[in-house]
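Worksheet: one structure, shown below.
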Amino acid sequence: MKMRIALNYFFNIFADNEYQYIVQTILTKGLDKMTLEQAKTGDKLIVKNINDPQMRVKAIRFGVMEGVEITCTEKLPYGPVVIRRGHQELAVGRGLAQRIAVERA
C-alpha cells in the first residue's frame, strides 16, 4: 500500500508523458488487480472475481466462474475480448471485461 501511495505521488509530480507511462505501467502490473480487459492474446488466466451479480449468473451458465482457468484467444480493437474455456469461446464486451478480475495462471 505504501508503494502504491509513493507511485501515485510520483505520477502526480511528473507531467512528462514518458514518466507517466512508466509509473502507470508499474501501477497496473503487480500492484493492482488485473482485469480481463488488460489481458493479452494467448494469456492463460484464472478468474478471481466477477464484479457484477447479473453477469456472474450469466457467466456461470457458460461455465465461467471464480477459480476457473480461461484463455484470452483474441482482443478485437475497441471491441470484445474473446475467451475460451475448454472447447467453448465467449465474447465479452470491454465494459464487462473491466469488471472481471483475473490473474495469470
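The values are calculated or read from the model by the stated rules, or taken from the named source; none is laboratory data. Values in this document were obtained by computation on a predicted structure and should not be read as measured data. Cβ: placed from backbone, ideal geometry, glycine included. Neighbour counts: every protein chain shown.
Inside the range 35-77, residues that are of a type in the set (A, V, I, L, M) and assigned to a strand (DSSP E or B) make up a count of 5.
With respect to (1) loosely packed, with under 14 Cβ neighbours inside 10 Å; (2) among the hydrophobic types (A, V, I, L, M, F, W, C); (3) part of a strand (DSSP E or B), the lone exception for Val102 is condition (1). Kindly indicate whether any position in the range 37-51 is modelled with pLDDT under 95 and over 17 Å from Arg104 (Cβ atoms). There is at least one residue in the range 37-51 that is modelled with pLDDT under 95 and over 17 Å from Arg104 (Cβ atoms).
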